[in-house]
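Have a look at the structure below before the remarks.
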Amino acid sequence: MSQEGGTPEPEAPAVILPPGFLRNPVHLLAFGFGSGATARAPGTWGSLAAIPLWYGFAWLPPVGYWLVVLIAFIVGIWLCGKTAEDLKVHDHGGIVWDEFVGMWIALGLFPDTIYGVLGAFALFRLFDIAKPWPINWLDQHLPGGLGIMVDDVIAGFMALICLWAVDVWLVPVMV
């Protein structure tokens with residue numbers, strides 16, 4: 001926390017986005033339509049921004065829904081990898097397409113109550129921030145866009161499993 005003389009260490013400077021960065025459609029998508037460009041808690045804002053988009057395809061039959069999520073994951077590997085490469089930062093905090101996909105996985109039980117949506121959001125953010133094993137290991141060891149995407153996908157599935165358990169054993173009306 002502090003250097004030898006007791007003076008506080010300077011904080012690492014935030015990576016400033018180049019002018020016009022979000023005009024590039026790849027970067028705009030990777031930054032969650034701009035939701036990841038917030039100064040504080042970009043992952044939380046990205047997760048929130050994923051919810052209205054989820055409402056746009058949550059009505060699909062389960063096979064169609066999961067196909068959309070799978071395509072978003074595959075495209076996200078490239079989007080996030082390209083954006084990280086252009087920024088010269090492995091996993092810039094503003095890259096939130098991975099949060100979009102993770103949230104869509106967490107919402108995969110198609111909750112029809114606000115409590116289910118809030119539960120999915122809270123559980124996904126908990127797992128994404130805490131990064132329990134294997135999330136932390138994958139986050140540190142997988143390179144590029146795949147590494148950026150996979151930890152949030154696992155966090156999404158962990159949240160989904162928890163929501164399923166709550167729905168089955170605790171509060172069936174929640175989801």
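The values are calculated or read from the model by the stated rules, or taken from the named source; none is laboratory data. Bear in mind the structure is a predicted one, so any value in this text is a computation, not a measurement. Note that each Cβ is placed from the backbone with ideal geometry, even for glycine, and that neighbours are counted across all protein chains shown. Calculation scope for accessible area: heavy atoms of the full protein, side chains included, ligands and nucleic acids excluded. Shrake-Rupley method; radii C 1.70, N 1.55, O 1.52, S 1.80 Å.
Quick one: net charge around residue 50, please, counting Lys, Arg +1 and Asp, Glu -1 for every other residue with C-beta under 11 Å from its C-beta. List each step's numbers first, then the result.
On the way: positive: none; negative: 98, 99, 152.
Once all neighbours under 11 Å are counted, the net charge is -3.
Write out the trypsin sites (Lys or Arg not before Pro) in the range 60-129 meeting two conditions: DSSP loop, and at most 14 other Cβ atoms within 10 Å of their Cβ.
Values: sites: 82, 88, 125; in loops: 88.
When the trypsin sites (Lys or Arg not before Pro) of the range 60-129 are filtered for loop state and at most 14 Cβ neighbours within 10 Å, 88 remain.
Which of 25, 48, 102 sits farthest toward the positive end of the charge dipole of the chain, with +1 on the Cβ of Lys and Arg and -1 on the Cβ of Asp and Glu?
Value: 25.
Could you look at the range 1-156 and say what percent of its accessible area is carbon and sulfur, using a 1.4 Å probe and all protein chains?
On the way: 5890 of 8400 Å².
Here carbon and sulfur together make up 70 percent of the probe-accessible area.
Once both axes come from the Cα atoms, what is the angle between helix 144-165 and the longest principal axis of the chain, in degrees from 0 to 90, rounded to 10?
For 144-165 against the chain, the angle is about 40 degrees.
Of the listed peptides 142-154, 36-48, what is their order by residue-averaged count of other C-beta atoms within 10 Å, with the highest listed first?
Ranked from most to least packed, the peptides come out as 142-154, 36-48.
Amide H to amide H, which residues 5 or more places from residue 31 or on other chains are under 5 Å from it, using H placed in the peptide plane?
96
I'd like to check one number: the per residue accessible area of the chain, probe 1.4 Å, reported in Å² as a whole number.
With the other protein chains kept in place, the chain gives 55 Å² per residue.
Mind listing the phi-derived Karplus ³J(HN,Hα) values for the range 98-110, rounded to whole Hz, using 6.51, -1.76 and 1.60 with θ = phi - 60°, and x for any glycine or proline?
The phi angles translate into 5, 5, 4, 5, x, 5, 5, 5, 4, 8, x, 7, 6 Hz.
Suppose only helical runs count, i.e. DSSP H with n ≥ 4. What mean residue ellipticity at 222 nm does that imply for the chain under -39500 (n - 2.57) per run, divided by all residues and rounded to the nearest 500 deg cm²/dmol?
-19500 deg cm²/dmol
Treating only the Cβ of Lys, Arg, Asp and Glu as charged (+1, +1, -1, -1), what charge dipole size does the range 82-175 show about its Cα centre? Round to the nearest 20 debye.
100
Per-residue HN-Hα couplings for the range 122-133, Karplus 6.51 cos²θ - 1.76 cosθ + 1.60 at θ = phi - 60°, whole Hz, x for Gly and Pro?
Once θ is set to phi - 60°, the couplings for the range 122-133 become 5, 5, 4, 5, 4, 5, 5, 7, 6, 6, x, 4 Hz.
Return the long-range amide H neighbours of residue 17 (sequence gap of 5 or more, or a different chain), with a cut-off of under 5 Å between placed amide H atoms.
Amide H neighbours of residue 17: none.
Taking 8 Å as the Cα distance limit and 6 or more residues as the minimum spacing, I'd like the relative contact order of the range 85-175 as a percentage.
Numbers: 96 pairs, mean separation 36.6, N = 91.
It comes to 40 percent, rounded to a whole number.
For Rg and Dmax of the Cα atoms in Å, several values are listed as (1) 20.4, 67; (2) 16.1, 48; (3) 17.2, 62; flag the one computed from this structure.
(3)
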